[in-house]
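Notes for the one structure printed next.
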Amino acid sequence: MSQPFDLAGRRILVTGAAAGIGRATCQRVASMGAHVLAVDRDEAGLAALLGQLPGTGHASRMMDLRELEEIPAAMIACAEEGGRLAGVVHAAGISSVAPTRLLAPRHYRDVLAINTEAALALVRGFQNRKVCEESGGSVVLIASVMALVGSVGGTAYSMSKAALMGLARSAALEYAPRGIRINCVAPGFVKTQMYEKVAASWDAVQREQIERAHPLGLGDPDDVANSVAFLLADASRWITGSTLVCDGGYTAS
Amino acid sequence: MTPELCTLVTGASSGIGRETALRLSQHGPLLLHGRDVARLEETRVRCQHPERHHLWPHDLADLAGIERSLVQLLAAQGLQVARFVHCAGVLQVGPLRLLDRGAIERTMNVNFLSAVEITRLLVRKKINEKALNGVVFVSSTASQFGAKGFGIYCASKSALDGYMRALAVELAPAVRVNAVLPGAVRTAMTEHMFEDADVLERMQRDYPLGVGEQADIAAAVNFLLSDEARWVTGQQLVVDGGRTVNITG
């Protein structure tokens with residue numbers, strides 16, 4: 001472990017790459033030498049990102065993560081085109097604020113598909129021997145503190161994120177013999193477009209309450225990207241099935 | 001005289017503490033704590049830039065003596081502590097009925113109360129100005145689970161984690177406070193457990209990524225102290241090769 005924070009030459013797939021935590025993760029891992037495979041459904045966002053990444057060997061791919069059956073096959077195609085993967089980061093996610101009584105299946109289907117089921121499809125795709133490097137690799141799923149605490153209106157989002165932790169625990173055991181590590185990062189409230197969208201429904205008092213609930217203040221996407229990078233790198237080679245909470249002290253208080 | 005900012009590592013004379021010291025020594029001066037001066041000196045010479053590190057020999061079981069010893073040393077050497085890593089720990093395994101009060105007190109003092117005493121001193125302006133900005137406690141997965149003969153050890157580590165969370169809230173945003181929870185790592189403290197062939201075999205079966213190395217823990221401590229973790233506080237980071245999520249029979 002001479003260079004525990006190095007990702008030189010490692011190919012890392014990042015979903016939700018065009019914005020927020022996904023975008024910050026791409027920039028962070030590229031600066032550590034990784035070759036980024038940026039996945040999103042926002043074509044213009046992907047093109048803009050690719051133009052800004054440091055280093056070489058980056059690529060992008062348009063994907064609609066709701067097409068779950070297509071994810072593993074698309075990953076095989078990517079590996080055949082550009083080389084096998086050393087890591088996957090599932091940062092794509094959509095928010096949901098709705099009272100439970102309104103959560104008919106059609107109202108939470110996309111939340112569960114993109115936040116949760118796509119993560120399972122990504123793990124299935126990654127473990128394929130044509131996709132994952134022979135020595136193994138690291139999968140990081142972006143969960144949320146909403147997986148650990150609750151909020152009125154957060155039912156669909158909370159359940160979609162909590163499921164990731166269960167997924168990580170059991171899949172981590174299954175793939176440990178092959179050197180594949182699977183962990184979650186659980187961020188608190190981070191200043192992203194998604195946060196602004198959710199916060200738009202709050203009044204000034206609610207906004208201030210949320211900010212005060214984070215002893216270190218609201219987070220920046222880079223803060224979360226740094227924790228993701230730690231879990232991708234060899235510095236965390238003995239960490240699997242685990243959740244790293246990165247929340248400015250939100251859940252401690 | 002401008003005080004010199006350093007990182008205090010307790011339990012640096014062996015095991016995870018020593019490995020953590022070696023790992024952190026590239027970043028700046030260390031204050032290496034341990035009971036045995038000769039072994040501390042050995043840690044110091046193995047560090048990068050050995051000449052810039054300081055030694056604090058003290059037995060943390062002597063709780064009442066910590067204040068005088070630490071305060072004098074900081075003043076005499078012109079040091080302030082910016083970061084504090086508590087690695088010192090003792091493990092005495094045995095059924096409750098065979099434990100004497102002395103062993104219980106020793107475990108609670110070294111593993112938990114000394115961390116309270118040291119942080120209490122390091123947040124006092126008269127002693128350490130406002131130098132402190134990061135704290136990491138090396139706890140254990142034993143803070144979350146039970147095991148036969150581990151009652152007091154588990155209690156000491158649970159207490160440490162409870163204190164860690166409250167301290168993180170109280171001292172934010174100036175100081176970040178976190179814990180690393182290692183699974184079984186082969187060190188001098190745990191060596192007696194690994195000598196038993198049955199235990200070793202069980203460990204290898206129960207740890208999906210195998211038994212860990214001291215460097216795995218040092219890397220996690222290094223991360224939590226670094227600016228990369230600037231929004232992480234009040235957290236327990238489990239580093240255990242998947243052991244605690246494994247209920248496969």
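Every number in this text was worked out from the coordinates using simple rules, so none of it is lab data. Just so it is clear, the model here is predicted, and its values are computed rather than measured. Because the Cβ atoms are built from the backbone with ideal geometry, glycine has one as well, and the counts that use them run over all protein chains shown.
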- Hey, what did region B:1-100 get for relative contact order, percent, Cα under 8 Å, at least 6 apart? 35 percent
- Query: Under the definition of Cα pairs under 8 Å and six or more residues apart, what whole-number percent is the relative contact order of region B:149-249?
  - Reply: 38 percent
- Query: Cα centroids of region B:101-139 and region B:5-33: how far apart, whole angstrom?
  - Reply: 16 Å
- Query: Relative to the Cα centre, what is the charge dipole magnitude of region B:1-122, using +1 at the beta carbon of each Lys and Arg, -1 at the beta carbon of each Asp and Glu, and rounding to the nearest 20 debye?
  - Reply: 220 debye
- Message: In Å and on Cα atoms, what radius of gyration and Dmax does the protein assembly as shown show?
- Response: 23.3, 70
- Scan region B:105-158 for chymotrypsin sites (Phe, Trp or Tyr not before Pro) in coil per DSSP, keeping those whose Cβ has at most 15 other Cβ atoms within 10 Å, and list them by number. B:Phe145
- Hand me the GluC sites (Glu not before Pro) from region A:95-137 located in a DSSP loop with no more than 14 other Cβ atoms within 10 Å, in residue order please. A:Glu134
- Of the candidates B:Ala219, B:Ile127, A:Cys132, the farthest towards the positive dipole end of the protein assembly as shown (Lys/Arg Cβ +1, Asp/Glu Cβ -1, centred on the Cα centre) is B:Ile127
- Query: Roughly how big is region A:91-147's charge dipole about its Cα centre, with Cβ charges of +1 (Lys, Arg) and -1 (Asp, Glu), in debye to the nearest 20?
  - Reply: 240 debye
- Report the calculated FRET efficiency for A:Arg129 and B:Asp62 (r = Cβ-Cβ distance, R0 = 51 Å), to the nearest 0.05. 0.35
- Hey, with R₀ at 22 Å, roughly what FRET efficiency would A:Asp42 and A:Gln3 work out to, going by the Cβ-Cβ distance, to 0.05? 0.10
- Can you tell which of B:His27, B:Pro57, B:Gln92 lies farthest toward the positive end of the dipole of region B:1-127, using +1 and -1 charges on the Cβ of basic and acidic side chains (Lys, Arg; Asp, Glu)? B:His27
- Give, in nm to one decimal, the length gained when the segment between B:Val45 and B:Ala147 is fully stretched (0.36 nm per residue of separation minus the Cα-Cα distance). 33.0 nm
- Query: If you take the charge dipole of region A:14-171 about its Cα centre, with +1 on Lys and Arg Cβ and -1 on Asp and Glu Cβ, which of A:Ala34, A:Ala77, A:Asn115 is farthest toward its positive end?
  - Reply: A:Asn115
- Convex hull (Cα only) mean projected area of chain B, reported in nm² to one decimal: 13.6 nm²
- Query: Just from its helices, what would the mean residue ellipticity at 222 nm be for the protein assembly as shown, if runs of 4 or more DSSP H residues each count -39500 (n - 2.57) and the sum is divided by every residue, rounded to the nearest 500 deg cm²/dmol?
  - Reply: -12000 deg cm²/dmol
- DSSP-assigned coil residues among trypsin sites (Lys or Arg not before Pro) in region A:115-163, each with at most 15 further Cβ atoms within 10 Å: A:Arg129, A:Lys130
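Give me the dipole magnitude in Debye, nearest 20, for chain B about the Cα centre, with unit charges on the beta carbon: positive for Lys and Arg, negative for Asp and Glu.
620 debye
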- Where the centroid of each part is defined by its Cα atoms, how far is region A:147-209 from region B:190-249 in Å? 24 Å
